[in-house]
């Protein structure tokens, strides 16, 4: 197992839940999810009253708002987000069997961590380490929600993987690609016009990258959780 790398980078927490609700509405996420603006606001208000917010992320269930619809809503350096061209199956990356999502359209993700300390680990190495710490890896859609709410969480040389989402092949084995969110260099098939744009892509489960941490959370909960 690689050594954990200390970092002094301060990762910003999401804004208050009410502000997050307005951000989702402004971005049209409620329409993607088939929800009313009132429903988003009502959930945020109830969650704020019940939990105090505590730095939680307001997430929409991936069955309601898939990654392909959310990625273009991201923005960095004035460039919209995109999914890499060789990930046309991005919405087939679903939660690991070890991850139980609240059975509600909206839920909270608490105790967010970008996972900088695990930079230069492979997904195969990071996943059991997170489990041993009783932490849960973020889903791709949750990572997109985090960047949508707090764009500063995505930095050059400090981007992150979302290994809670994986693609299952015929027979149930996992595809060896693992999703991540980073900033495009505008090279190759990305195109120069996409330099500095937020990018949803993938890396091999056995490979290490010095600029990718492993985003995780403490727990997920609905209003009844």
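Some points to look at:
- The Cα atoms of segment 6-85 give a gyration tensor whose axes a ≥ b ≥ c have a/c of 1.5 or more with a/b no greater than b/c, which makes the shape oblate.
- Gyration tensor (alpha-carbon) shape descriptor, segment 95-225, a/c threshold 1.5: prolate
- Protection proxy ranking for 85-92, 164-171, using the average of other Cβ atoms within 10 Å per residue and placing the highest first: 164-171, 85-92.
- Within the listed set 127, 112, 138, the residue fluctuating most in the Gaussian network model of the chain (springs between alpha-carbon atoms under 10 angstrom) is 127.
- Prolate/oblate/rounded call for segment 44-109, Cα gyration tensor, a/c under 1.5 rounded: oblate
- Förster radius 35 Å - calculated FRET efficiency between residue 133 and residue 50, Cβ distance, rounded to 0.05: 0.85
- A Gaussian network model of the chain, with springs between Cα atoms under 10 Å, assigns the largest mean-square fluctuation among 153, 84, 109 to 84.
- Within the listed set 209, 76, 158, the Gaussian network model of the chain (springs between alpha-carbon atoms below 10 Å) gives the highest mean-square fluctuation for 209.
All of the numbers you see were taken from the coordinates with simple rules; none came from a lab. Keep in mind it's a predicted model, so treat the numbers as computed, not measured. No Cβ is skipped: glycine too gets one built from the backbone with ideal geometry, and neighbour counts run over all protein chains shown.
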